[in-house]
Amino acid sequence: MKCYFVTPDDREPPDPSEDDTGPGIESLPPALLARHGARVLDPTAVPLADQWPVPRPTVYRARTLLIPPRLQQAPFITAINDVLGPIGMNLVPVHAPDRSVNDELLSVLPVTAVLKQAASNGRGPIVVDAWTALTALRDAVGGPDSPRKGFLTFRDIVEISLEHLLVASAITGNPAVDGNPAVDGNPVTTSYLSGSGDSRIPVEVYADAPYRRTDDECAERYGRRPVIAVLDTGLRAHPWLGVEPVPGGYTTSPGGSVQVSQAIQDEIHANALAALTAGDLARKLIEDPWDTPVTADPLVGEVDTDCGHGTFISGIFRQVVPDATVLSIRIMHSDGIVYEGDLTSALGAVAERVIRAQDPADPNPGLMIDAVSLSLGYFCESPADVTYTSGLKAVIDKLLNRGVMVAAAAGNYATSRLFYPAAFAAAPCPPGTLPLVSVGALNPNETRALFSDGGRWVTAWASGAAVVSTFPIDVNGSLDPAVELPGGPGPNGSRLQTRESLDPDDFRGGFAAWSGTSFAAPALAAWVIQALLADAECAPEPKLADITEAAEIDRALHAMRRRGWPEG
């Protein structure tokens, strides 16, 4: 595994114009957009509000906005609907999640609110569109120097944003996510695909699972196990991970290297269900921690583009830092799509758990999370909009300030256009604070992968091309081998008498090779956690059992510096 941090002197030239160039995602398949109630922003389709930034293309959910809880209450919600009513829309508030901790930041994180056609707009049917609604609100209040518009001010409206559609950062051969521009067969990514057009290739591994110490051994050696939260597609069956199929889903073994949190999954589901009930009928719910379905189209039977994504990432941690536990949190659909509202909700729940763990009156090391791995992202309509509105940055900063390392994939579009949340790494990081790490992908020969995004905002690079890791043992798609010569049954009913070429989507062997910055980000996080455990072995008691904010930040920074993160 190759990993390294980029020192300020080694970063690309400091030309700001080079840090946000390239098209990114400018089109997605109509079927994918329809499935998730989304649109691609066309900057020419709606007149722009004065004094607001000119947007670039982005992908957003058409009938939702992200709005802080206070603006979803009177008198603000009334004032918002007074603006939206004349254009035929109405905003339906959605209740913010109840928190078990009293934290100022978590109480103001934006919540999904739903746009509907106004009951009596006098105009007949209209197209409900979040960008049109947001532009109307911006136009109503004007710029930062404009006078108050009733109960609404510029400072209020800058807290309202689109709900972006995020995509996984693995190469799939699917025109939804690959290349620059996003079209299938782009030469940027073709060399990383198999003959089937899919970057996932079944492979055989001649190795046993790396040795994993018991809980007691970890407690003696390190003080406790480190925990890495992976917010992704969830899990399917694999013996290396301790995940087994049971009727209706899967289960994790108590000593397995991956675990799930039903409480966090319940919160994600409850928030999404509230939006669905309020009228966001195109919202697809994340109902459990398991990576299902294998295919979105049973009549065709092809394996979904990102099925197995979370299992593959969990296997990277199992290989590199086997004594760690992966906390798998499902926020991604098996087609690689993530709703920004679901991601914000999940990160808020992770932050809440860390705050509970670090309660000075009753610390609970069993709840602590040491790192978060994010293999997903989106291109924002403008950096200014991110500065104004992003709840994602606020909750990631909350985690960093609590000593939780966060590694985010840089994206696979061969562009320097800012890809969020990884591009939040461009923000200055004061000395002594934990930085967000944005991770680009390396080829096996240590060159930078052709598909990987780059720019001064990419602060680390790690192996991300032709990576081998765990893949669900219960995935076998509809594609057939190019050549098959059936034979009689082998011993115990096996297929040993059959001769065939490689079946490109039969993963029952349990391993695959795959490419993408999706796999560079967890590799980098695992590499740092390796150093953290090496430090813990040499440290006096209480080692990792000290979970105070100061101790967590100091340990994480020391581990990063051991790996080459620049001082200061």
Can you pull out every residue in the stretch 227-244 that is in a loop (DSSP other than H, G, I, E, B), buried (at least 24 other Cβ atoms within 10 Å of the Cβ) and out of contact with any Pro (no Cβ under 7 Å at 6 or more places or on another chain)? 233, 240, 241
Condition broken by residue 429, with the remaining ones in (1) in contact (Cβ under 8 Å) with a residue 40 or more places away in the chain; (2) assigned to a loop (DSSP other than H, G, I, E, B); (3) closer than 25 Å to residue 380 by Cα satisfied: (1)
If residue 516 satisfies all but one of (1) modelled with pLDDT under 95; (2) within 27 Å of the chain's Cα centre (by Cα); (3) under 30 Å from residue 292 (Cα atoms), what's the number of the condition it fails? (1)
Name the residues in the stretch 213-230 that are more than 15 Å from residue 369 (Cα to Cα) and either modelled with pLDDT under 95 or touching a Gly at 6+ places or on another chain (Cβ under 8 Å) (or both), would you? 214, 215
Is it true that residue 435 is surrounded by fewer than 21 Cβ atoms within 10 Å (Cβ to Cβ), in contact (Cβ under 8 Å) with a residue 24 or more places away in the chain and not in a helix (DSSP H, G or I)? no
With respect to residue 479, is the statement that it is in a helix (DSSP H, G or I) and touching a residue at least 40 places away in the same chain (Cβ under 8 Å) true? no
Log entry, pairs with first residue in the stretch 348-365 being in a loop (DSSP other than H, G, I, E, B), second being among the small types (Gly, Ala, Ser), beta carbons closer than 6 Å, six or more apart or on different chains, reads 364/357
Go through the residues of the stretch 299-320 one by one and say whether even a single one is in a strand (DSSP E or B) and modelled with pLDDT of 95 or more. no
Just give me the residues in the stretch 270-288 being without any contact (Cβ under 8 Å) to a residue 40 or more places away in the chain and outside any loop (DSSP other than H, G, I, E, B), in sequence order. 273, 276, 277
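Each row is one residue, and each column tells you yes or no for (1) out of contact with any Ser or Thr (no Cβ under 6 Å at 6 or more places or on another chain); (2) surrounded by 24 or more Cβ atoms within 10 Å (Cβ to Cβ); (3) within 30 Å of residue 527 (Cα to Cα).
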| residue | (1), (2), (3) |
| --- | --- |
| 259 | no, no, yes |
| 262 | yes, no, yes |
| 280 | no, yes, no |
| 291 | no, yes, yes |
| 299 | yes, no, no |
| 304 | no, no, yes |
| 345 | yes, yes, yes |
| 352 | yes, no, yes |
Residue by residue through the stretch 56-95, note down the ones that are surrounded by fewer than 21 Cβ atoms within 10 Å (Cβ to Cβ), assigned to a loop (DSSP other than H, G, I, E, B) and either aliphatic (A, V, I, L, M) or touching a Cys at 6+ places or on another chain (Cβ under 9 Å) (or both). 56, 74
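The values are calculated or read from the model by the stated rules, or taken from the named source; none is laboratory data. Computed from a prediction, not measured in an experiment: that's the story for all the values here. FYI the Cβ positions are ideal-geometry reconstructions off the backbone, even for glycines, and counts take in every protein chain you see.
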